[in-house]
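Take a look at the structure set out below.
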Amino acid sequence: TFSDIVDHLRRTFGVNIIVSGKISADTRYYGSFINGEDAFQILSALNTDNALDLRQKDNCIIISPNKSHNQ
């Protein structure tokens, strides 16, 4: 699930990930990454429908719903 992925990325990459706003934590994602991607690249790859707004500053990633996604 999305919440499992966020928890795993926090632990694996030692990055602070803040989830802001209402995002379905139960959405399931499938994929594998083997090319040395970082946490932001992985989240970007999972965001194929652009439903999320991803921002990175230093060692922090902020995830929020993309307000323009359903407009």
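The values are calculated or read from the model by the stated rules, or taken from the named source; none is laboratory data. This is a predicted model, so every value here is computed, not measured. Surface areas here come from the heavy atoms of the whole protein model, side chains and all, with no ligands, DNA or RNA. Shrake-Rupley method; radii C 1.70, N 1.55, O 1.52, S 1.80 Å.
List of remarks:
- Contact order relative to length of the chain, as percent, for alpha carbon pairs under 8 angstrom and 6 or more apart: 37
- Semi-axis lengths (Å, descending) of the ellipsoid that matches the C-alpha gyration tensor of the chain: 19, 14, 12
- With the whole protein complex present, F40 retains an accessible surface near 50 Å², based on a 1.4 Å probe.
- Average accessible surface for the chain: 71 Å² per residue, computed with a 1.4 Å probe over protein heavy atoms with every protein chain in place.
- By DSSP, the beta bridges lying fully in the chain are antiparallel in about 60 percent of cases.
- Surface composition of the chain: carbon plus sulfur atoms hold 47% of the accessible area, using a 1.4 angstrom probe and ignoring ligands, DNA and RNA.
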